[in-house]
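To keep things clear, I will list the structure first and then write my remarks on it.
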Amino acid sequence: MLDPRALYDPLDKAGLQGVLEVQLAGLPPDDLEQQMDQLRQFRQASVLHVAASDIVTGLAIEKVGDHLTFVAEAVLEKVVQLAWNHLVERYGLPAYMLHGKLREAQFGIVAYGKFGGMELGYGSDLDIVFLHDSSGNEQHTAGPQVIDNSEFFTRLSQRIIHILNTYTSAGILYEVDMRLRPNGASGLLVSSLDAFAEYQRRSAWTWEYQALVRARVVTGGGEIVRQFERIRSGVLARPRDPDKLRKEVMEMRQRMRSELDKTSDRQVDLKHCRGGIVDVEFMVQCGTLLWSDEHTEILRHTDNLGLLAAFSRAGLLSGDDAGALADAYRAIRRRINHLALQELPGVIDHEELAQHRAAVVEIWNRFMG
């Protein structure tokens with residue numbers, strides 16, 4: 001950490017994975033407590049590398065988000081591996097019979113929000129949803145102890161959350177938010193892909209489609225990725241009534257602002273104020289839902305800046321508007337990140353970043369009506 005050549009040069013995902021493998025290799029494979037502490041120390045050191053590069057070298061906000069997301073992905077993949085190995089040792093591999101063929105059931109984690117958009121900040125929690133592809137007949141593990149696949153994946157999800165959420169002497173790994181799973185807090189901890197698809201097509205609310213704009217698979221086999229992308233594209237690319245959509249998006253935005261905006265006479269809430277970061281996100285999500293039926297290429301992106309650039313390339317949003325929103329988004333995100341490093345709330349004086357916020361409000365008024 002004292003070598004500036006390393007301190008200001010955060011690793012890419014492959015480099016992080018290599019370091020983490022080395023650090024865990026010397027620990028007893030059955031000592032979960034030591035593994036959890038090592039994971040926490042790895043995450044803290046890796047985030048410090050990103051912060052040092054951010055503050056000292058002026059690392060672009062997109063790169064900050066990329067590197068913090070790489071850290072989270074590397075950690076989450078290792079957590080899933082530890083939890084998976086533990087359950088397989090006890091229950092065997094989960095499998096199912098479909099069309100007369102025995103298949104190994106796969107498990108995947110879908111990232112939403114900042115994690116899904118590769119826009120994590122310092123201290124961001126992880127918005128995630130657990131999915132599996134088990135279906136058909138004979139859905140159970142191979143033993144020694146045989147259990148239904150649904151129970152296997154529930155226990156797997158519980159163990160993953162335990163490793164991520166538990167406080168140890170080294171702190172917490174990541175806060176986990178599971179509220180975006182089908183049926184929210186009242187829904188199952190883990191869903192089959194079939195059940196997830198049925199919910200998205202028939203029962204989801206507009207705000208859940210907005211959330212799906214930023215969703216992507218971060219752990220899981222290729223089949224899980226392909227099936228999820230097919231579901232996501234099919235749901236997002238449906239034709240929608242523009243007036244009805246804008247009305248529902250604005251109603252949700254107003255509800256969020258009334259409940260969460262901490263703006264006062266003295267300070268502005270950078271996330272929830274008029275012209276704040278959530279206004280940019282809602283416009284991007286609304287545009288994606290409006291235009292992806294005829295411009296499916298924009299669905300390749302889950303990040304706000306990538307989507308804004310895609311809107312501009314497709315002629316859906318003027319270059320000036322897309323540029324103004326992107327500039328405001330970068331400036332506000334950078335300020336929120338630096339406040340978080342000081343363990344301060346995301347509020348500033350009214351005069352600060354006022355020009356960026358005014359530009360967002362002006363575009364919002366034209367775009368949303």
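So the values come out like this:
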| quantity | calculated |
| --- | --- |
| Residue match in region 262-284 (condition: within 24 Å of PHE130 (Cβ to Cβ) and among the aromatic types (Phe, Trp, Tyr)) | no |
| Identity of the residue in region 228-254, of a type in the set (A, V, I, L, M, F, W, C), within 13 Å of GLN210 (Cα to Cα) and part of a helix (DSSP H, G or I), that ends up most open to solvent (accessible area, probe 1.4 Å) | MET250 |
| One residue from GLY275, GLY287 being over 16 Å from GLY113 (Cα atoms), in contact (Cβ under 8 Å) with a residue 12 or more places away in the chain, in a helix (DSSP H, G or I) and open to solvent by less than 10 Å² (accessible area, probe 1.4 Å) | GLY287 |
| Options SER169, SER150: the member that is exposed (fewer than 14 other Cβ atoms within 10 Å of the Cβ) and either in contact (Cβ under 8 Å) with a residue 40 or more places away in the chain or over 20 Å from the mean Cα position of the chain (by Cα) (or both) | SER169 |
| Qualifying positions in region 83-108 - within 30 Å of LEU11 (Cα to Cα) and open to solvent by 40 Å² or more (accessible area, probe 1.4 Å) | TRP84, ASN85, HIS86, GLN106 |
| Single unsatisfied condition, ASP133 versus (1) farther than 30 Å from GLY346 by Cα; (2) open to solvent by 20 Å² or more (accessible area, probe 1.4 Å); (3) not aromatic (Phe, Trp, Tyr) | (2) |
| Filter result (assigned to a loop (DSSP other than H, G, I, E, B) and either within 20 Å of the chain's Cα centre (by Cα) or not small (Gly, Ala, Ser) (or both)) within region 255-272 | ASP261, LYS262, THR263, ASP265, ARG266, LEU270, LYS271, HIS272 |
| Hits in region 136-147 - residues which are surrounded by fewer than 13 Cβ atoms within 10 Å (Cβ to Cβ) and at positive phi | GLU138, GLY143 |
| Of the criteria (1) in a loop (DSSP other than H, G, I, E, B); (2) of a type in the set (A, V, I, L, M); (3) buried (at least 16 other Cβ atoms within 10 Å of the Cβ), which one LEU27 fails | (3) |
| Scan of region 290-310 for residues that are without any contact (Cβ under 8 Å) to a residue 40 or more places away in the chain, farther than 26 Å from LEU59 by Cβ and open to solvent by less than 30 Å² (accessible area, probe 1.4 Å), ordered by number | ILE298 |
| In region 294-349, the residues that are among the polar types (S, T, N, Q) and over 22 Å from SER124 (Cα atoms) | THR296, SER312, SER318 |
| Flag for HIS86 being without any contact (Cβ under 8 Å) to a residue 40 or more places away in the chain, farther than 25 Å from ALA211 by Cβ and over 14 Å from the mean Cα position of the chain (by Cα) | no |
| Pick from region 30-42, criterion of a type outside the set (D, E, K, R) and in contact (Cβ under 8 Å) with a residue 12 or more places away in the chain, ranking: surrounded by the most Cβ atoms within 10 Å (Cβ to Cβ) | LEU39 |
| Of all residues making up region 200-226, the number that are under 24 Å from VAL75 (Cα atoms) and of a type outside the set (A, V, I, L, M, F, W, C) | 8 |
| Residues of region 50-80 satisfying the condition of being more than 20 Å from GLY18 (Cβ to Cβ), among the hydrophobic types (A, V, I, L, M, F, W, C) and surrounded by 22 or more Cβ atoms within 10 Å (Cβ to Cβ) | VAL64 |
| Subset of region 311-344 [open to solvent by less than 30 Å² (accessible area, probe 1.4 Å) and either within 15 Å of ALA51 (Cα to Cα) or under 20 Å from the mean Cα position of the chain (by Cα) (or both)] | ALA326, TYR329, ILE332, ARG333, ASN337, LEU339 |
| Boolean, LEU188 is within 26 Å of MET36 (Cβ to Cβ) and surrounded by 18 or more Cβ atoms within 10 Å (Cβ to Cβ) | no |
| In region 346-368, the residues that are more than 19 Å from PHE282 (Cα to Cα) and open to solvent by 60 Å² or more (accessible area, probe 1.4 Å) | ASP349, HIS350, GLU351, GLU352, GLN355 |
| Condition check for PRO10: without any contact (Cβ under 8 Å) to a residue 24 or more places away in the chain, part of a loop (DSSP other than H, G, I, E, B) and of a type outside the set (Val, Ile, Thr) | no |
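The values are calculated or read from the model by the stated rules, or taken from the named source; none is laboratory data. Owing to the predicted nature of the structure, the values given are computational and were not obtained by experimental measurement. Cβ sites come from the backbone with ideal geometry, for glycine too, and all protein chains shown count toward neighbours. Ligands, DNA and RNA are stripped out before the accessible areas are found, and what is left, the full protein with its side chains, is counted by its heavy atoms. Shrake-Rupley method; radii C 1.70, N 1.55, O 1.52, S 1.80 Å.
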